[in-house]
């Protein structure tokens, strides 16, 4: 049996939720003040997901880097592999906000998209 204390980030209350489970089953949960916190803590216990935010190399613009992020959450255990793939990418200006830089990264159905714009110098 595993017990984790998860701080809920869904609302400003920030409940400390104690989740007890075995494998991918949640057996008990204490400390949440709402159903949204219960759902968040359960998902976080079973399979944590994250938005990936980083930069890629940028050529032909005034800035050397372009800010990017995933357009969907990615399994936490894949974040470092995603970063390794992104590390080798270089894009050429011009780039518009929300342009897809890496489609379907590592088969996650999440795209890496530009969060800024880059004009050609």
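The values are calculated or read from the model by the stated rules, or taken from the named source; none is laboratory data. Everything numeric here is computed off the predicted structure, so don't read it as measured data. Positions of Cβ are backbone-derived with ideal geometry, glycine not excepted, and every protein chain shown enters the neighbour counts.
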Those residues of the range 94-114 which are within 24 Å of residue 80 (Cβ to Cβ), surrounded by fewer than 16 Cβ atoms within 10 Å (Cβ to Cβ) and out of contact with any helix residue (DSSP H, G or I) (no Cβ under 6 Å at 6 or more places or on another chain), in sequence order: 100, 103, 104, 107, 109
Counted residues, the range 57-70 - those being buried (at least 17 other Cβ atoms within 10 Å of the Cβ) and either assigned to a loop (DSSP other than H, G, I, E, B) or not assigned by TED's automatic domain parsing to the domain that holds residue 104 (or both): 1
Selection count where residues are touching a strand residue (DSSP E or B) at 6+ places or on another chain (Cβ under 9 Å) and either assigned to a strand (DSSP E or B) or closer than 26 Å to residue 80 by Cα (or both), scope the range 22-55: 23
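Every residue, every condition in (1) within 30 Å of residue 16 (Cβ to Cβ); (2) under 14 Å from the mean Cα position of the chain (by Cα), yes or no:
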| site | (1), (2) |
| --- | --- |
| 37 | yes, no |
| 48 | yes, yes |
| 57 | no, no |
| 73 | yes, yes |
| 77 | yes, yes |
| 85 | no, no |
| 90 | no, no |
| 106 | no, yes |
| 110 | yes, yes |
Residue in the range 72-83 that is touching a residue at least 24 places away in the same chain (Cβ under 8 Å) and either more than 30 Å from residue 3 (Cα to Cα) or assigned by TED's automatic domain parsing to the domain that holds residue 6 (or both) present: no
